[in-house]
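Step one of this worksheet: look at the structure below.
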Amino acid sequence: MGQKACAAARMAMKLDQGIYRDKVYACWLGKNIGGTLGTPYEGRKYVNDLTFYDPVPTKPLPNDDLDLQLIWLKMLEDKGLPPRLPYFAEYWQRYAHAYPWNEYGFCTRNLVRGLRPPVSGWFENYYVDEMGSPIRSELWACLAPANPQRAAALAWLDSAMDHAGGEGMWGEMFWAAVESAAFVIQDPLTLIRIGLAMIPPSCSIARAIREAVWHWQNGSRWAAARDRIVTIYGHVQPCNAIQNHAFTVLGWLYGKDFGDKLCKAVNCGYDTDCTGATLGALLGILDGTAGIPEEWSRPVGKEIVLHKFTGHFDAPADIEELTDRTVALARQYADENGVILGEGNTIPDNILSLLFRNEEALAAAQRDIRAAVAADRDLDISLHYHGEPVLYPGVARFLSVSASRHGKPVPVEVELKGPADWHIKPEGDGFLVLADSVPDRNTLQVRLKTDDTVYAAEFTILGPGEAKGYPSGLNVPICPTCRGTQGMCICSE
């Protein structure tokens, strides 16, 4: 089927607005339930033995799994849809800068140094393979229901902030696709195959998920499957995404019902708030509020409890408000997503073929992560470093610039300027940059002209003094009082 025919078939798809809203509500409720169940056990590498909350809560526990998506919700309400990569950086610096942990801290460190995404997501960031972005997948699924490749492409933008090119990026794309498809189909194996179709088949997350599925299909006991995952894919970092994705799948496949599925995922150990929260959200989409027993929903209620490191903005106060705001954005995005929200369901006969389409996801995965993206009005401007964002004295570097509008390449005339004593000359489709002296942080000015309109952007290239690396497994410096990112913590607010 060609792209035009595929788009026409998708435009015929309609989801019942009442059922859709119920699934969105259950998604956020399930997220709170699973995160609250798992948070007390986060980081433990041994098997747990939960059958219910322990301790039993009276409200949901705060969790960055949800809060960072609330920041993106605010971004989309302010800036509109579809999202643009530079806006993620803007709102991260406004509202997520106090988070010091792992990939979050190193993303902020890069943004402060002037590096923009996607290069901000991987440069001197040991933690690109972790769980920080896979736990942010639900918003994209809810905005692009029944369109897994679109949800995965949106997830790429999000994960480029702090996991560019890493396993965390593939994990967020996987779950966004699975959750998007779960709005219209139920079968776990089919949903897993759809998610795997959106990510590199040889990435470690894909291989770990296939391992979990193999054990379930071949009659291994849950404990034996968990042991095999730990032996083959277990990582020294408890928040590494590889083993935790397999744990989430094990809970989903081996569990008998909502609570048992969550407990089996969390009982695998390691990053338990994330595995529980992701699975809880997925189960909510699959079965709606009717699939969440009151014994599980009553203890957490409807409240949203923000983490202390989340910045101050008009975040939803409860699940009802979050659902209403999510649905409102989905309605705005419906024409572009190609799925109508109305009365009754209209599902095409070729729904499985549509759900497995992955061109958008593959195109997103092929975007240049050795680049930085800025915005000037309607134009996204990319500086391609063709390597690390570092210039060494006496070593000429080739850089290039590209532009796009609404995701489509735009031909432009380009000028590139740097410090007065640098030598910059056009070469091929880019520029050769050479300097005898390179300070720690340097500004490159890009001027573009297209259709008689002039655009401009500034980018940073580091000198060797600012690019000395960082020891693997360590975090950025933290405030001794509030434990937030040093210099950007909540003590200074």
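The numbers here are math on the coordinates, done by the rules we state, and not lab data. Predicted model only: the values in this text are computed from it and were never measured. Here the Cβ is made from the backbone with ideal geometry for all residues, glycine too, and neighbour counts use every protein chain on show.
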How much length would be gained if the chain were fully extended between Gln93 and Phe52, taking 0.36 nm per residue of separation minus their Cα-Cα distance, in nm to one decimal? 11.0 nm
Virtual spin-label span in nm between Asp452 and Glu415, 7 Å along Cα→Cβ: 1.9 nm
Can you tell me the FRET efficiency between Ser404 and Ala317 if r is taken as the Cβ-Cβ distance and R0 is 51 Å, rounded to the nearest 0.05? 0.85
I'm spelling it out carefully: the read-out is Rg and Dmax of the Cα atoms in Å, the candidates are (i) 20.6, 62; (ii) 22.6, 69; (iii) 31.3, 98, and one was derived from this structure. Which label? (ii)
With only Lys, Arg, Asp and Glu charged, each at its Cβ (+1 for the first two, -1 for the last two), find how big the charge dipole of the chain is about the Cα centre; round to the nearest 20 debye. 620 debye
Size of electric dipole in region 69-214: Cβ of Lys, Arg +1 and of Asp, Glu -1, about Cα centre, debye, nearest 20: 320 debye
Say a paramagnetic label sat at a point 7 Å from the Cα of Ala396, along Cα to Cβ; which residues of region 403-441 have their backbone N under 14 Å from it? 423-436
Distance violations [Cα-Cα > 22 Å] among Lys31/Lys302; Lys31/Lys59; Lys31/Lys261; Lys261/Lys308: Lys261/Lys308
Sort Trp140, Trp252, Trp422 so the one with the fewest other Cβ atoms within 10 Å of its own Cβ comes first. Trp422, Trp252, Trp140
Which percent, nearest 5, of DSSP beta bridges in the chain are antiparallel? 90 percent
Would you mind getting me the FRET efficiency between Thr231 and Thr346? Use the beta-carbon distance for r and R0 = 45 Å, nearest 0.05. 0.45
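Give me the extension gain from Arg298 to Ala12: residue separation times 0.36 nm, minus the current Cα-Cα distance, reported in nm with one decimal. List each step's numbers first, then the result.
Values: separation 286, 0.36 × 286 = 102.96 nm, distance 3.85 nm.
Difference between extended and current length: 99.1 nm.
Given region 390-466, what percent of its DSSP beta bridges are antiparallel, to the nearest 5?
DSSP beta bridges in region 390-466 are roughly 95 percent antiparallel.
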What length, rounded to one decimal in nm, is gained on full extension from Leu434 through to Ala328, with 0.36 nm per residue of separation minus their alpha-carbon distance? 33.1 nm
Long-range amide H partners of Gly269, meaning residues 5 or more apart or on another chain whose placed amide H is closer than 5 Å, are Asn48
Just want the ordering: Glu466, Glu295, from fewest to most Cβ atoms lying within 10 Å of their own Cβ. Glu295, Glu466
Mind checking region 173-259 for trypsin sites (Lys or Arg not before Pro) that DSSP puts in a loop (not H, G, I, E or B) and that have at most 12 other Cβ atoms within 10 Å? Arg221, Lys256
Skipping prolines and chain starts, which residues have an amide H placed within reach, meaning under 5 Å, of the one on Ala375, given they are 5 or more residues away or on another chain? Ile381
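Order of Cys479, Cys263 from fewest to most other C-beta atoms within 10 Å?
Listed from fewest to most nearby Cβ atoms, that is Cys479, Cys263.
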Computed [θ] at 222 nm, deg cm²/dmol, the chain (DSSP H ≥ 4; -39,500 (n - 2.57); rounded to nearest 500): -13500 deg cm²/dmol
